[in-house]
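Written out below as C-alpha cells is the structure these notes cover.
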Ligand SMILES: *Cc1c(COP(=O)(O)O)cnc(C)c1O
C-alpha cells in the first residue's frame, strides 16, 4: 500500500471538471430554477471532482488501513471483539426488515415485532430476569437507564434519601459516569489484593443513603466475584438494589445467570456478547433487564404479546409508572436482529459453550505467557486477564512498546494501561471464536517480542515499523483533532 496515501484527502485528488457520472436532466431541474433567489447559493459548493476509479481506490485503500476482527486477531480486553458470523449481518440487512418504517402501524410489522419480542424473552431467560427493554443504544446508556429505574423504584416508595451509588475501583469508567449523569453521587469501594471487591469495606459503606451498588462479574480483571450471594444480602438488607454491569457476560453465557445470583437490574452489551461488530463508535445496543417487581419502571415503549380473537398479536405499548422514553422508537433494531439471529443459530447448547470456551482460551494464553509477562494475580481467570507489562523490568520496554510491536506482526494490540490498578496493564481477551492455531500464533509472537526486548530492545521501542502510521501523539489527536478539510 502507498504509505503517503493517508496524507491525502479525496479533495487533494480533485481535478476541476473531472466526473464519475453524468447526471441526466431530471424533472426537478425546472423546479430548482423557480426557487426564490434568496434560497439559492451564489456559487457551486466546493465538492471534490474525481473519476470513479480514483474514488473507489481512495476509499478502498483507506478501508484497508483499518485493523478489524475480519482482518486479524483482536485480543482487546474489556471489549469482547469476537468474530461475528456473517449470517447475522445478512439477516439484519434483509429488505423485509430494513425497509420498515418505525411509524408503520403494528399490524403491518407483526414479524418485526415478533423478532423484537422474542429477543426480549430470550435475554430475560439468559439473564434470569423478569423483563428486558431493548431501547438503550449502548452499555453506558443501559447503565443510565438501569440507574433511572433504580431511582424511580426508590422514589415510588417515598424513599428520597438514597442518592449514592457504590462502584468498585476496578469498574469500567462508564459506571461512575452514568451514576453522575443520573444525578447520583459516586462512592468508590476498594478491591482486595486478589482483585475482588473488599466485602468488609463495602459493608461499612452501606446505609440508608445508598441507592445501588454496581458490580461487574466477572470483574474488569476477568476474575469471578465469589461473594455475590453475601453482597446481595447485605445490599438488600440496607434497602439498596444490586446492579449488574453485563459487559462481561460472555464467559457466563448459559453457565450462570445474574438474576439467580441476586442482581436486581442488569444491562447487556449486544455489541460485545451478541454479535454486532463494534469499535469506532459504531451502532450498539444496551438492553436492560429487571427482576420481578421492577418492570413497571422500565422505559416506554415495549413490545407485548397478546391474544386477540384467537390469534397471537404483537403490540407496542406504553406503561403508566414508566420512567418515560430514553430513545427514539424501539432502539437499534438491526443490532437487535443480529443478536436474535446469533442466539437462534447457536441455540441453547451452542450458547452454553461460548462461556467455557472463552474462559479456556484466556487461561491458555495466560499460562503460556506468564514466564515472560508479569502476572500480578495468579489463579483461574474467566474470559480475560491482565499482565503488568513484561516480567523483566530491566529492559525499559513498556506495555506501549509491546502493543506497538504487535502491530508489526499483524495483531491488534490488547487493551493497554487499563485497568488502572497496575502501572503497565496489558489486558488480553481472546474470546471463544479463535482457533487453537490463532491462539498459538499470538502466544508465539508475544514470546518473540519478550525475547526481542531482552536482546534488541530498540526494535521494540521504535515499533511499529511496518504500519502507515507509527506513534501519533494521542494527546494532540484528542485535544486538537483535525476533523475537516482546510
Ligand atoms: C464496554 C463496557 C461498558 C460500556 O459499554 P458501551 O457500550 O461502550 O457504552 C461498561 N462496562 C464494562 C465493564 C465494559 O466493558
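Is it the case that some residue within the stretch 328-343 is free of Cβ contacts under 8 Å to residues at least 60 places away in the same chain and either in contact with a strand residue (DSSP E or B) (Cβ under 9 Å, 6 or more places away or on another chain) or crowded, with 17+ Cβ neighbours inside 10 Å (or both)?
There is no residue in the stretch 328-343 that is free of Cβ contacts under 8 Å to residues at least 60 places away in the same chain and either in contact with a strand residue (DSSP E or B) (Cβ under 9 Å, 6 or more places away or on another chain) or crowded, with 17+ Cβ neighbours inside 10 Å (or both).
Regarding residue 166, is this residue touching a residue at least 12 places away in the same chain (Cβ under 8 Å), outside any helix (DSSP H, G or I) and either touching a helix residue (DSSP H, G or I) at 6+ places or on another chain (Cβ under 6 Å) or closer than 27 Å to residue 340 by Cβ (or both)?
So residue 166 fits the description; yes.
For residues that are in a strand (DSSP E or B) and more than 16 Å from the ligand (Cβ to nearest atom), tally how many sit in the stretch 231-270.
Count: 1.
From the list 138, 161, exactly one residue is in contact (Cβ under 8 Å) with a residue 24 or more places away in the chain and away from the ligand (no atom under 16 Å from the Cβ). Which is it?
On inspection, the qualifying residue turns out to be 161.
For the stretch 115-129, does any single residue satisfy the condition of being in a helix (DSSP H, G or I), within 16 Å of the ligand (Cβ to nearest atom), out of contact with any helix residue (DSSP H, G or I) (no Cβ under 7 Å at 6 or more places or on another chain) and under 19 Å from residue 225 (Cβ atoms)?
No, there is no match, as no residue in the stretch 115-129 is in a helix (DSSP H, G or I), within 16 Å of the ligand (Cβ to nearest atom), out of contact with any helix residue (DSSP H, G or I) (no Cβ under 7 Å at 6 or more places or on another chain) and under 19 Å from residue 225 (Cβ atoms).
Search the stretch 271-301 for residues being touching a helix residue (DSSP H, G or I) at 6+ places or on another chain (Cβ under 7 Å) and assigned to a strand (DSSP E or B), and hand back the single one that is nearest to the ligand (Cβ to nearest atom).
Within the stretch 271-301, the match that is nearest to the ligand (Cβ to nearest atom) is 288.
Conditions tested, residue by residue: (1) touching a strand residue (DSSP E or B) at 6+ places or on another chain (Cβ under 7 Å); (2) under 21 Å from residue 172 (Cα atoms); (3) at pLDDT 95 or above.
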site	(1), (2), (3)
255	no, no, no
264	yes, yes, yes
268	yes, yes, yes
277	no, yes, no
284	no, yes, no
288	yes, yes, yes
299	yes, no, yes
304	yes, no, yes
309	no, no, no
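Exactly one condition in (1) within 14 Å of the ligand (Cβ to nearest atom); (2) in contact with a strand residue (DSSP E or B) (Cβ under 8 Å, 6 or more places away or on another chain); (3) more than 19 Å from residue 121 (Cα to Cα) is false for residue 218; which is it?
Status for residue 218: all satisfied but (2).
For the stretch 146-154, state whether one or more residues are assigned to a helix (DSSP H, G or I), closer than 19 Å to residue 293 by Cα, within 14 Å of the ligand (Cβ to nearest atom) and at pLDDT 95 or above.
Yes, because at least one residue in the stretch 146-154 is assigned to a helix (DSSP H, G or I), closer than 19 Å to residue 293 by Cα, within 14 Å of the ligand (Cβ to nearest atom) and at pLDDT 95 or above.
Is it true that residue 187 is within 15 Å of the ligand (Cβ to nearest atom), at negative phi and in a strand (DSSP E or B)?
Spelling it out, it is not the case that residue 187 is within 15 Å of the ligand (Cβ to nearest atom), at negative phi and in a strand (DSSP E or B).
Considering each residue of the stretch 195-215, count those that are touching a residue at least 60 places away in the same chain (Cβ under 8 Å) and out of contact with any strand residue (DSSP E or B) (no Cβ under 7 Å at 6 or more places or on another chain), and give that number.
The qualifying residues number 1.
Quick check, is residue 177 closer than 18 Å to residue 259 by Cβ, at pLDDT 95 or above and not in a loop (DSSP other than H, G, I, E, B)?
Answer is no for this residue.
Please enumerate the residues belonging to the stretch 378-392 that are over 25 Å from the mean Cα position of the chain (by Cα) and assigned to a loop (DSSP other than H, G, I, E, B).
378, 379, 391, 392 - these are the residues of the stretch 378-392 that are over 25 Å from the mean Cα position of the chain (by Cα) and assigned to a loop (DSSP other than H, G, I, E, B).
Please specify each residue of the stretch 73-93 satisfying the condition of being assigned to a loop (DSSP other than H, G, I, E, B) and either within 16 Å of the ligand (Cβ to nearest atom) or more than 14 Å from residue 344 (Cβ to Cβ) (or both).
Once the filter is applied, which keeps residues that are assigned to a loop (DSSP other than H, G, I, E, B) and either within 16 Å of the ligand (Cβ to nearest atom) or more than 14 Å from residue 344 (Cβ to Cβ) (or both), the stretch 73-93 yields 73, 74, 75, 77, 78, 79, 80, 81, 82, 83, 84, 93.
Conditions tested, residue by residue: (1) without any contact (Cβ under 8 Å) to a residue 12 or more places away in the chain; (2) in a helix (DSSP H, G or I); (3) crowded, with 19+ Cβ neighbours inside 10 Å.
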{"position": "405", "(1), (2), (3)": "no, yes, yes"}
{"position": "421", "(1), (2), (3)": "no, no, no"}
{"position": "430", "(1), (2), (3)": "no, no, yes"}
{"position": "437", "(1), (2), (3)": "yes, yes, no"}
{"position": "442", "(1), (2), (3)": "no, yes, yes"}
{"position": "445", "(1), (2), (3)": "no, yes, no"}
{"position": "448", "(1), (2), (3)": "no, yes, no"}
{"position": "454", "(1), (2), (3)": "no, yes, no"}
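Which residue out of 19, 57 is away from the ligand (no atom under 16 Å from the Cβ), out of contact with any strand residue (DSSP E or B) (no Cβ under 6 Å at 6 or more places or on another chain) and in a loop (DSSP other than H, G, I, E, B)?
19
The values are calculated or read from the model by the stated rules, or taken from the named source; none is laboratory data. All values reported here derive from a predicted model rather than from experimental measurement. Using ideal geometry, Cβ is built from the backbone for each residue, glycine included, and neighbour counts are taken over all protein chains shown.
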